[in-house]
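Comments concern the structure below.
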Amino acid sequence: MAIEVFNRYEKKYMLTKKSFRKLLTRIEDHMDMDKYNINGKPYTISNIYFDTDNDALIRASIEKPVYKEKLRMRAYGTPALDDKVFIEIKKKYDGIVNKRRTSMTLKDAYNYILKDNPPTPASGKINTQVLQEIDYFKDFYKVKPKLYLSYDRYAYFEKNDGDFRVTFDTNIQTRRYDVALEKGQYGSQLLEADQVLMEIKISGAVPMWFTKILSELRVYPVSFSKYGTEYKRYVLENTQREFIENKGEIICSNQFYPQLQAVASL
């Protein structure tokens with residue numbers, strides 16, 4: 001059945017490219033590269049994030065609540081309308097991430113999310129339980145596509161143990177126009193040119209050998225959300241633009257003013 005369920009801890013680290021290269025040389029005796037990193041090259045992940053008209057989900061998320069959730073559509077590479085994609089609900093409670101997803105064609109995924117037409121059995125191996133959760137989520141929040149976000153990923157798994165996983169994301173691109181997976185990978189860069197986002201994913205404890213490497217290289221965890229970082233930038237840039245257009249006056253009716261207050265308070 002085309003369902004994947006993940007329950008795990010996730011920690012993020014911001015590396016320089018120099019630190020990234022050093023780290024790779026240190027982990028190669030302990031980890032194998034993902035089979036999708038063909039010839040040592042990264043593979044691309046593209047996403048559509050769904051939210052409410054007033055971005056309630058991401059605004060709640062950046063306030064760091066104990067519980068938060070999001071809905072996204074994910075593809076590997078740039079899909080055609082007949083290619084398989086995943087619709088995912090990602091929830092985080094007290095540091096533990098739970099992700100549930102099921103697959104269908106991109107065409108059926110659009111019809112399902114945007115037009116409320118359930119996918120056909122031929123679209124993929126659909127899991128009805130996950131669809132019920134997605135149905136409730138999208139109907140409760142009245143979501144719509146708000147952000148395209150893609151990145152190139154290197155992924156590694158601990159040898160003889162698939163539980164411990166490390167990923168490195170580069171070339172993170174976002175856009176709030178042409179929010180469609182089939183449009184391909186382009187947009188604004190989210191990271192600086194020298195930055196690499198590392199993430200570790202594990203259901204138990206981080207291996208001691210990896211903890212030792214991080215300590216020796218002085219690599220420390222950070223609080224970072226791709227969607228959250230993009231949203232803060234989006235709000236600040238639009239508020240700045242309207243501030244200039246209004247000749248230095250902030251209008252309280254400005255659609256970005258409440259969001260700016262929320263972002264500024266973090």
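The values are calculated or read from the model by the stated rules, or taken from the named source; none is laboratory data. On a predicted model such as this, the values are computed, not experimentally measured, just so you know. Note that we place each Cβ from the backbone using ideal geometry, even for glycine, and neighbour counts take in every protein chain shown. Note: accessible area is taken over every heavy atom of the protein model, side chains too, but ligands, DNA and RNA are not part of it. Shrake-Rupley method; radii C 1.70, N 1.55, O 1.52, S 1.80 Å.
A compact table of results
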item: Lone qualifier among Lys22, Lys99, Lys35 - being part of a loop (DSSP other than H, G, I, E, B) and closer than 28 Å to Ala205 by Cβ; result: Lys35
item: Enumeration of residues in the stretch 111-140 that are without any contact (Cβ under 8 Å) to a residue 24 or more places away in the chain, part of a helix (DSSP H, G or I) and open to solvent by less than 70 Å² (accessible area, probe 1.4 Å); result: Asn111, Ser123, Asp135
item: Residue among Tyr76, Tyr49 that alone is surrounded by 19 or more Cβ atoms within 10 Å (Cβ to Cβ) and closer than 26 Å to Asn7 by Cβ; result: Tyr49
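Matching residues to (1) in contact with a His (Cβ under 9 Å, 6 or more places away or on another chain); (2) open to solvent by less than 10 Å² (accessible area, probe 1.4 Å); (3) modelled with pLDDT under 95; (4) farther than 24 Å from Pro42 by Cα:
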| position | (1), (2), (3), (4) |
| --- | --- |
| Leu106 | no, yes, no, no |
| Lys146 | no, no, no, yes |
| Ser150 | no, yes, no, no |
| Thr170 | no, no, no, no |
| Val179 | no, no, no, no |
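So that you can scan it fast, the table gives a plain yes or no per residue for (1) free of Cβ contacts under 8 Å to residues at least 40 places away in the same chain; (2) within 21 Å of Asn98 (Cα to Cα); (3) crowded, with 18+ Cβ neighbours inside 10 Å:
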residue: Asp194; (1), (2), (3): no, no, no
residue: Met198; (1), (2), (3): no, yes, yes
residue: Met208; (1), (2), (3): yes, no, no
residue: Thr211; (1), (2), (3): yes, no, no
residue: Leu217; (1), (2), (3): no, no, no
residue: Glu230; (1), (2), (3): no, no, yes
